[in-house]
Amino acid sequence: MSTASEKLRASAAEALACGRVSLVLGWRKKDFWWQSPVAFVEAAAEAEQLSFDPFSVYNPVKYLLEATECHEKVGVFVKGCDSRGINRLLQDKRLEREQVLIFGLPCSGKADPAKIRAVFPAQKIREVAQEGEELLVRLTDGQERVAAADFLLEKCLTCRHPNPVVFDELLWEPVPVRAGVDVSRFARVNSVAQKEILERYTYWARQFDRCIRCFACRNTCPACNCRSCIFDQAEPRWLGKASDLADTMNYQIIRAFHVAGRCFECGECERICPAGIPLQEMNRRLIMDIDKYFGPYEAGLDAGDSPPLGTYRGEDPAGFDES
Amino acid sequence: MASNPLLPQVAVVTDVRRETPDVKTFRVEAADGRELFAYRPGQCAMVSLFPVGEALFSITSSPTRIGFLEFSIKETGVLTRALHEIEAGTEIGVRGPYGNGFPVDFLRGKDLLFIGGGIALAPLRSLINYCLDNRDDYGRVDIIYGARSSRDLVQREELLVNWPRIRNTGVHLTVDVRSDDWDGNVGFVPAFLEQLNPAPEGKVTVTCGPPIMIKFVLQSLAKMGYQPEDVITTLEMKMKCGIGKCGRCNIGDKYVCKSGPVFTLAELQQLPNEY
Amino acid sequence: MPVTREGFEPLIVAFCCNWCSYAGADLAGTSRQPYPSNVRVIRVPCSGRVNPSFIIRAFQRGADGVLVAGCHPGDCHYHSGNYHARRRFTILKQLLEYLGIEPERFQVRWISGSEGAKFSAVMNELTENVRKLGQNRKLRDAR
Amino acid sequence: MKKIAKTKLQELWRCLSAEGALYLPVRSDSVVDFALWQEDVPADLETLNTFLPPKKFYYPQTETVLKYEFGENLQLLDASSQAGEKTILFGVRPCDTAALSLMDKVYLSEPVDEAYRRRRENTVIIALGCREPEETCFCQTFDIDPGKAPGADLLAIDTGTELVVTAQSLKGEELLVALNGVLQEATSGDEIRVKDVQEQAGEGYLTRVSVHGLAEKLDTCFASPYWDRLYRRCIACGTCTYLCPTCHCFDLQEYAAGHSGERVRCWDACMFTDFTQMAGGHNPRPTQKERVRQRFMHKLNYFPRQHGGEYACVGCGRCVRQCPVNLDILEVIREMGGAVDGQ
């Protein structure tokens, strides 16, 4: 039986060798045990660098926007969360289905380096590999096996779609949805919502106060795929450059709002935020209200449906006084 | 007592002159009647219009004409659009001078060939008037200037009347687009230059214009035998501070606002091609 | 702007749809049904034209309360603008409350051209509710 | 040389806060950053890299450069003269201290930035030596000794149960005098312990790269195809630049209402499209490739060319850890020719 990484390499090499695609997006290993950036593979011989390990987290889908400008067809490896990003781009008419060859990777969740560092001294870790349900942690002085489930990323703990929802080939058997996901999905939102109003404001003000406006949340998000973002506009200027709390809230509210009904919960915005702002708590709050008022909806499952803010029903309830 | 280098002086726009449909020349004087600052031809200044913003413009007046600064400004963005709406009497902010300016000592005694296009006559005009005001210090002066159409000739009076009258001085004009009121040359500047074919011996060329014009003018000059040391041009980059700190106008390790905007072609050839 | 609670006069920005609510404001005026001078009406072609950015920007620039007023569902001059607005502002309102903005400060109402009295009543109510809350600082620009 | 038991640090901080606004590393949610000292909020003296480097105290993300009133008459008011309240930074790491001397080369060179100068003058830095590098630390590459911080006014070394404090400047000496009541004299034993800690700090680096000759090598690498490969992963966010202790590029923006306003200086990043975008539409760095190249060339070639060979990097590792796509300067140093030994 070949490992996951070997399957990626073989699929990419084959697709490149027979000319089905001229570029494949996957992941590769970099210097540190926790670094698995996206790799751009353009020749079968380069497919050897591909790897799929507990840190192959970064969603490669947004790179498709630029990649399909200079490649007729691009191969891309996607986990469940990533695949919903493809539907996002298809639905937003930013990508054509024929432009991508999708290799689906059922995924039981990725590891959180912080959780690993909390247990093992980071200085001693050489490699962390997935072996079935376990993580094999190779240290400078020996190795240890731990349950992978105890080291999952926050976003993986609430994942409802671990299997790709759109693909051409599935590289291995689908995996089950984790138990308890539906309860935990809105747990953080609810715990914030239960606070008193002033407490809620204080909580969010503290979070937003740390925002440095690096725009990593926007730039990584496949739902933020406008050709030109309003926050980059000079005229009219919707967002000042000074780091003022009100203006940061302006950015954060509108960013979340612009992906309302379109956010497919990959959680990358929150994971990569250097300031540790719990952005998913905002995105999920919007999802919660959309579910409540307009009926349950999950974005990125079907490229053919209509996002809830792009449509309406005459009998919609209103979240305000309609008298 | 050190002062804030980003703090402008208050100045008054004493005259606004329309040059072309999208270019105006602003005459600026210190609010208190003193001289704003001394400068050399080719240097620039930061002009602030409150509350719109600030940008760097070449000073188009010559330091030989004392008591005021002039800026010829084309309407291209938010700030320049707002500037085009002001009238004489408006108070603005000015700080400078910035940049190296033209090497007037190096030019002394030589024949000068000025090649300009569009709004980029602005920095050249400062040097041209400087040289013509010190006429005996310089050899023959030839000015080749092109605009999109006859309506777009900036500093029309100087181009058509004042400069051609000065001894040993020639003005050669061309426009891109033919029109009924134009009986001069029609064609792009590089082609016009090759047609005039001025001999390189003893000449220094100073050329300013849009990037595409510069590119082809430089090729033509090389073809005609001009040495890179004798070809001088200016670069334009986005600038915020003018004092080499805001970090955006560098080409390689040179900040255009401090080491530039004037470079010889020989100097440019040493820099990365990022302009 | 006075800041003591007794003397505090709130600033209310009301985005009113041209076809219904703005006409409602007109009617309130011509039929001498007074509404507070605290209200600044901004006429928009449709409640569906109101971008959430407008609301945030109003708060940033000093509004203490913001109202979006449009035609009643079914009456939109452009057929469906207010239906879209209803969805949009339903979730925006919940989001703002979730972030700690008092619900009274952002309101959405349907006011037709014949409801001058309602226009006046809504404006009075909104102004009084916001007056009780005091000045809004939460989304206000520092400079 | 003085010392204080780590259990008594609250007392030390109380005294320090009487001397000026005291900032030290504090954890808030998941992030450790410099924050104003509060009696009941514990400081975090273990984390090596704060979220933002202390450059924010000298060169704030947002600061008012000038205020103005317009209308009848234009009045300009210099805001820099208000900068620089008395500030004490406690727990600045050696790499971040070294970064300030690089920042000085920009802001204290002619024309001197007055606000920066005033803040620099009115701030006392109490550096905290590192005991053990983290996996992403590579300050040694730039000859920074993790146990020393020559640019600091005071250097504190954690010898286990105590902090041993040495004055390194006149400002530092003055502060030590003011702290006489809470500090004890250090002994010769403490001096030995300090030396041991300092020596040990220099060991255990996992990341070893060399920049020897790199600036010269990069002279010819502007057109290298390397940049074509490197940039593709970059998502053009500002994480690396904003978190970098040596990045110093800014923008000026207007904020006005009615007849008054202010001009504000705020951090800007070469990673952003509009950084070099000109009003007419021309952009000399039109794609992310040119922007990524600018960042690394600036740090490893242009800055050394402008400032006597010094690189604009101190090896703090923030960009290594925080870049969302793992595109960092370590990779560039390695791949563009810095010698590698170790990991």
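The values are calculated or read from the model by the stated rules, or taken from the named source; none is laboratory data. What you see is a predicted model; the values in this text were computed from it and never measured. With ideal geometry, Cβ positions are generated from the backbone for all residues, glycine too; neighbour counts draw on all protein chains shown.
Contact map, region D:208-234: residues that are not assigned by TED's automatic domain parsing to the domain that holds D:Arg305 and exposed (fewer than 15 other Cβ atoms within 10 Å of the Cβ) paired with residues that are of a type in the set (D, E, K, R) and part of a loop (DSSP other than H, G, I, E, B), Cβ distance under 9 Å, separation 6+ or inter-chain. Pairs shown: D:Arg208/D:Asp341. Residues of region D:156-187 that are aliphatic (A, V, I, L, M), farther than 16 Å from D:Ala201 by Cβ and surrounded by 15 or more Cβ atoms within 10 Å (Cβ to Cβ): D:Val165, D:Ala167, D:Leu175, D:Leu176, D:Leu179, D:Val182, D:Leu183, D:Ala186. Within region D:312-332, the set of residues being among the acidic types (Asp, Glu) and part of a loop (DSSP other than H, G, I, E, B) comprises just one member, D:Asp328. Scanning region D:228-241 for residues that are within 7 Å of another protein chain (Cβ to nearest Cβ) and in a loop (DSSP other than H, G, I, E, B) yields a total of 4.
Is region A:244-261 home to any residue that is more than 24 Å from A:Arg200 (Cβ to Cβ) and modelled with pLDDT under 95? The answer is no, given that none of the residues of region A:244-261 is more than 24 Å from A:Arg200 (Cβ to Cβ) and modelled with pLDDT under 95.
Restricting attention to region A:288-323 and to residues that are within 12 Å of chain C (Cβ to nearest Cβ) and touching a residue at least 60 places away in the same chain (Cβ under 8 Å), the residue that is farthest from C:Leu92 (Cα to Cα) turns out to be A:Pro307.
Counting only strands (runs of 3 or more DSSP E) that sit completely within region B:47-137, those holding 2 or more residues that are out of contact with any Lys or Arg (no Cβ under 8 Å at 6 or more places or on another chain) and within 11 Å of chain D (Cβ to nearest Cβ) correspond to B:53-58, B:91-98.
If you go through region B:31-46 and keep only what is of a type in the set (A, V, I, L, M), within 19 Å of the chain's Cα centre (by Cα) and in a loop (DSSP other than H, G, I, E, B), you end up with just B:Ala38. Checked against the criterion of being surrounded by 20 or more Cβ atoms within 10 Å (Cβ to Cβ) and of a type in the set (Gly, Ala, Ser), the candidates A:Gly267, A:Gly295 yield just one match: A:Gly267.
When you scan region D:56-109, how many residues do you find that are touching a residue at least 60 places away in the same chain (Cβ under 8 Å), more than 9 Å from chain B (Cβ to nearest Cβ) and among the small types (Gly, Ala, Ser)? The qualifying residues number 4. Checked against the criterion of being within 8 Å of chain B (Cβ to nearest Cβ) and out of contact with any Ser or Thr (no Cβ under 9 Å at 6 or more places or on another chain), the candidates D:Gly280, D:Gly261 yield just one match: D:Gly261. What number of residues in region B:1-28 are surrounded by fewer than 21 Cβ atoms within 10 Å (Cβ to Cβ), within 13 Å of chain D (Cβ to nearest Cβ) and either assigned to a loop (DSSP other than H, G, I, E, B) or at positive phi (or both)? Selection size over region B:1-28: 7. Answer with yes or no whether D:Ala98 is closer than 30 Å to B:Gly89 by Cα and hydrophobic (A, V, I, L, M, F, W, C). Criteria not met by D:Ala98. I need the full set of residues from region D:145-155 which are buried (at least 24 other Cβ atoms within 10 Å of the Cβ) and either within 14 Å of chain A (Cβ to nearest Cβ) or touching a residue at least 40 places away in the same chain (Cβ under 8 Å) (or both), in order please. Those that are buried (at least 24 other Cβ atoms within 10 Å of the Cβ) and either within 14 Å of chain A (Cβ to nearest Cβ) or touching a residue at least 40 places away in the same chain (Cβ under 8 Å) (or both): D:Pro146, D:Ala149, D:Ala152. Here is the figure for region D:195-225: residues that are within 30 Å of B:Gly244 (Cβ to Cβ), away from chain B (no Cβ under 14 Å) and in a helix (DSSP H, G or I) total 2. Every listed requirement among (1) touching a strand residue (DSSP E or B) at 6+ places or on another chain (Cβ under 9 Å); (2) over 15 Å from D:Met297 (Cβ atoms) is met by B:Gln269 save one, (1). Cβ separations smaller than 6 Å between residues 6+ apart or across chains give the following pairs from region D:23-49 residues that are free of Cβ contacts under 8 Å to residues at least 40 places away in the same chain to residues that are part of a loop (DSSP other than H, G, I, E, B) and of a type in the set (Gly, Ala, Ser): D:Asp29/A:Gly276; D:Ser30/A:Gly276; D:Val31/A:Gly276. Residues of region D:227-242 include at least one that is among the aromatic types (Phe, Trp, Tyr) and in contact with a Leu (Cβ under 9 Å, 6 or more places away or on another chain).
Among the candidates B:Asp180, B:Asp152, B:Asp142, the residue that is free of Cβ contacts under 8 Å to residues at least 12 places away in the same chain and either in contact with a Gly (Cβ under 8 Å, 6 or more places away or on another chain) or more than 30 Å from B:Leu271 (Cα to Cα) (or both) is uniquely B:Asp180. Within region D:242-257, being hydroxyl-bearing (Ser, Thr, Tyr) and either free of Cβ contacts under 8 Å to residues at least 40 places away in the same chain or part of a strand (DSSP E or B) (or both) holds for one residue alone: D:Tyr255. Residue count for region B:228-267, restricted to those that are more than 7 Å from every other protein chain (Cβ to nearest Cβ), within 18 Å of B:Glu54 (Cα to Cα) and without any contact (Cβ under 8 Å) to a residue 60 or more places away in the chain: 3. Listed here are the strands (runs of 3 or more DSSP E) enclosed by region B:168-275 that have at least 2 residues being surrounded by fewer than 21 Cβ atoms within 10 Å (Cβ to Cβ) and not small (Gly, Ala, Ser): B:169-175.
Reported count of residues in region D:135-149, each being within 14 Å of D:Val314 (Cα to Cα) and part of a loop (DSSP other than H, G, I, E, B), is 9. You will find that of A:Arg200, A:Arg178, A:Arg97, the residue that is exposed (fewer than 14 other Cβ atoms within 10 Å of the Cβ) and either out of contact with any strand residue (DSSP E or B) (no Cβ under 8 Å at 6 or more places or on another chain) or over 21 Å from A:Asp53 (Cβ atoms) (or both) is A:Arg97 and no other. Of all residues in region C:49-75, those satisfying the criterion of being surrounded by 15 or more Cβ atoms within 10 Å (Cβ to Cβ) and without any contact (Cβ under 8 Å) to a residue 40 or more places away in the chain are C:Arg49, C:Val50, C:Asn51, C:Ser53, C:Phe54, C:Arg57, C:Pro73. Of all the listed residues (A:Val175, A:Val146, A:Val183), the sole one being of a type outside the set (D, E, K, R), assigned to a loop (DSSP other than H, G, I, E, B) and either over 25 Å from C:Gln94 (Cβ atoms) or more than 14 Å from chain C (Cβ to nearest Cβ) (or both) is A:Val175. If you go through region A:242-282 and keep only what is within 9 Å of chain D (Cβ to nearest Cβ) and over 13 Å from the mean Cα position of the chain (by Cα), you end up with A:Ala242, A:Ser243, A:Asp244, A:Pro274, A:Ala275, A:Gly276, A:Ile277, A:Pro278. Limited to region D:280-311, what total is found for residues that are in a helix (DSSP H, G or I) and of a type in the set (S, T, N, Q)? Going through region D:280-311 one residue at a time, the tally reaches 4.
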